[in-house]
Amino acid sequence: MDKRALVLGIESSCDETAAAIVRGGEELISSVVASQIATHSPYGGVVPELASREHLRNLVPVVRSALAKAGLSYAELDAIAVTNGPGLAGALLTGVSFAKALAWALEKPLIAVNHLEGHIHAVLLEQRQKAAEALEFPVLALVVSGGHTHLFLAEERGDGWHYENIGHTRDDAAGEAFDKTAKLLGLGYPGGPIIDRISKFGDPKAVKFTFAQLKHEARHEPKRAGRIEQNQKRFDFSYSGIKTAVLRYVETHEMFGAIEERRAALLQISAPTDEDFKRLCDRRTLDLVASFQAAVVGDLTKRTLAACEDCGVRTLLVTGGVAANSALRRSFEMHTEKHTGQKTPNGGIRVHFPSRLMSTDNAAMIAAAAYPKWIAKDFAELDVSAEANLQLR
Ligand code: KG4
Ligand code: ZN
């Protein structure tokens, strides 16, 4: 087993162009992320065509910068890893085409990585960096981002990592609900970090939101080998209802005029501060934002911990862009062993997050997820393609 393999990771599935070099799946040597926030901000969301064009512009400089920061040449790399899905088709295609060309020209192996697997490995990479104690298997991972709210049982076997999806959102992802709510309230893009920042100024109990009881139909899938068993029970989420509830609240309380004024005022400020947001939001808006965040966080926590209990899991990974949310971290920590330092009513579940920087999209997580595939010689052919709806299993 070559612990020193140097993997270049490339990520372009959404609105971040990223490259990173990770040695042996555990040592982060360099990581560069070119954000496209400025490009998409005026539209209040990611414009797929613009994202692809930005990736085309950024890929070469970002990869060169990752190599320069690492003090490495292309020839010293052992493998090229790239996100091949899920994500925006055009955006993925730019990264995949670039990585294929690079692997072919350098005569190095190409490793295709699922973006969601990358988010899971962001936690594992940092766990290894901390030389933390080994995780107790099986592990449950909540991947909660702009495109996904997925629960996976994960375990490492001899031939690499295996995943079973036991729940996902039936409509909007949690991050999408943050982004759409912020857009509706004229707060800007991306909405998650803004709502996170200003929720502390509002009363999280001011507006009551309810979540529908979701009926879970039993699945009929063949049993797979290994410790992950077929799970009849599902732990799905739904976040489009709360977005509509916010809209109804805004209509009922005739808030549209103030929202348009706020939107226009914020467009004039390049980097709004907490004070700017506070000045431009009335009490009712601040309370609405805080209540929205508390409701989503509460629902994510409740459903995820129910899944942990049902599956007898004691190790929980919470990852993806929304895992950067302060209230979400606090909520999970409060309900797990990390907070109390002793067994909780949840059977002593331990929760692990990536650092905030590693929660959102980056390429270090892609290079880290590629390492077990390098060991297993699980290489992609040069005809591998981008798959917008790639499943993780
Ligand atoms: O993982 P990510 O960078 O990209 C996807 O794979 O989607 O996640 C981006 C999402 C966006 O919806 C963004 O609003 C949300 O993560 N996000 C947050 C926070 N930081 C990013 N949501 C809530 N609180 C945050 N602090
Ligand atoms: Zn992501």
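The residues of the range 302-341 that are of a type in the set (Val, Ile, Thr), over 15 Å from the mean Cα position of the chain (by Cα) and surrounded by 15 or more Cβ atoms within 10 Å (Cβ to Cβ), listed by number, are Thr304, Val313, Thr315, Thr336.
So, Thr252, is that one at pLDDT 95 or above, β-branched (Val, Ile, Thr) and farther than 23 Å from Gly167 by Cβ or not? Outline the logic, then answer.
Numbers: at pLDDT 95 or above: yes; β-branched (Val, Ile, Thr): yes; farther than 23 Å from Gly167 by Cβ: yes.
Spelling it out, Thr252 is indeed at pLDDT 95 or above, β-branched (Val, Ile, Thr) and farther than 23 Å from Gly167 by Cβ.
Checking each residue of the range 280-297 against the condition of being surrounded by fewer than 21 Cβ atoms within 10 Å (Cβ to Cβ), of a type in the set (Ser, Thr, Tyr) and over 30 Å from Phe152 (Cα atoms) gives no match. Remark: Gly160 matches the filter, which requires a residue to be on the phi > 0 side of the Ramachandran plot, away from ligand 2 (no atom under 16 Å from the Cβ) and either in contact with an Asp or Glu (Cβ under 8 Å, 6 or more places away or on another chain) or at pLDDT 95 or above (or both). Of the numbered criteria (1) touching a Ser or Thr at 6+ places or on another chain (Cβ under 8 Å); (2) in a strand (DSSP E or B), the one Leu135 fails is (2). Of all residues in the range 105-116, those satisfying the criterion of being of a type outside the set (Gly, Ala, Ser) and either free of Cβ contacts under 8 Å to residues at least 24 places away in the same chain or within 12 Å of ligand 1 (Cβ to nearest atom) (or both) are Glu107, Asn114, His115, Leu116.
Elements of the type strands (runs of 3 or more DSSP E) sitting completely within the range 27-123 and holding at least 3 residues that are at pLDDT 95 or above and surrounded by 22 or more Cβ atoms within 10 Å (Cβ to Cβ): these cover 79-85, 110-114. Does the range 155-174 contain at least one residue that is crowded, with 24+ Cβ neighbours inside 10 Å and under 24 Å from Glu260 (Cα atoms)? So far as the range 155-174 goes, no, none of its residues is crowded, with 24+ Cβ neighbours inside 10 Å and under 24 Å from Glu260 (Cα atoms).
Would you point out which residue out of Ala290, Ala324, Ala306 is in contact with a Gly (Cβ under 6 Å, 6 or more places away or on another chain) and not charged (D, E, K, R)? Spell out how you get there, then give the answer.
Values: Ala324 fails: in contact with a Gly (Cβ under 6 Å, 6 or more places away or on another chain); Ala306 fails: in contact with a Gly (Cβ under 6 Å, 6 or more places away or on another chain).
Exactly one residue qualifies, and that residue is Ala290.
Based on this model, can you work out whether Arg284 counts as under 16 Å from Val250 (Cα atoms), of a type in the set (Lys, Arg) and either part of a helix (DSSP H, G or I) or in contact with a Lys or Arg (Cβ under 6 Å, 6 or more places away or on another chain) (or both)? Here the answer is yes, as Arg284 does meet what is asked.
One line per residue, one yes/no per condition, for (1) modelled with pLDDT under 95; (2) closer than 25 Å to Ala174 by Cα:
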{"residue": "Ile228", "(1), (2)": "yes, no"}
{"residue": "Asn231", "(1), (2)": "yes, yes"}
{"residue": "Phe237", "(1), (2)": "no, yes"}
{"residue": "Ala245", "(1), (2)": "no, yes"}
{"residue": "Ile259", "(1), (2)": "no, yes"}
{"residue": "Arg279", "(1), (2)": "no, no"}
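Of the residues making up the range 129-155, those that are more than 15 Å from ligand 1 (Cβ to nearest atom) and not aliphatic (A, V, I, L, M) are Gln129, Lys130, Glu133, Glu136, Phe137, Pro138, Glu155.
Of all residues in the range 133-149, those satisfying the criterion of being in contact with a strand residue (DSSP E or B) (Cβ under 8 Å, 6 or more places away or on another chain) and more than 16 Å from ligand 2 (Cβ to nearest atom) are Leu135, Glu136, Phe137, Pro138, Val139, Leu140.
Hey, could you check the range 1-43 for residues that are among the hydroxyl-bearing types (Ser, Thr, Tyr) and in contact with a strand residue (DSSP E or B) (Cβ under 8 Å, 6 or more places away or on another chain) and say which is farthest from ligand 1 (Cβ to nearest atom)? Can you show your working first?
Pass one, the range 1-43, residues among the hydroxyl-bearing types (Ser, Thr, Tyr): 12-13, 17, 30-31, 35, 39, 41, 43.
With the extra rule that they be in contact with a strand residue (DSSP E or B) (Cβ under 8 Å, 6 or more places away or on another chain), the set shrinks to 12-13, 17, 30-31, 35.
Values: Ser12: 12, Ser13: 7, Thr17: 12, Ser30: 19, Ser31: 14, Ser35: 10 Å.
By that ranking, first place goes to Ser30.
Within the bounds of the range 357-378, is there any residue that is within 16 Å of ligand 1 (Cβ to nearest atom), surrounded by fewer than 24 Cβ atoms within 10 Å (Cβ to Cβ) and at pLDDT 95 or above? Looking through the range 357-378, at least one residue is within 16 Å of ligand 1 (Cβ to nearest atom), surrounded by fewer than 24 Cβ atoms within 10 Å (Cβ to Cβ) and at pLDDT 95 or above.
The values are calculated or read from the model by the stated rules, or taken from the named source; none is laboratory data. All values reported here derive from a predicted model rather than from experimental measurement. As a convention, Cβ positions derive from the backbone with ideal geometry for all residues, glycine included, and neighbour counts pool all protein chains shown.
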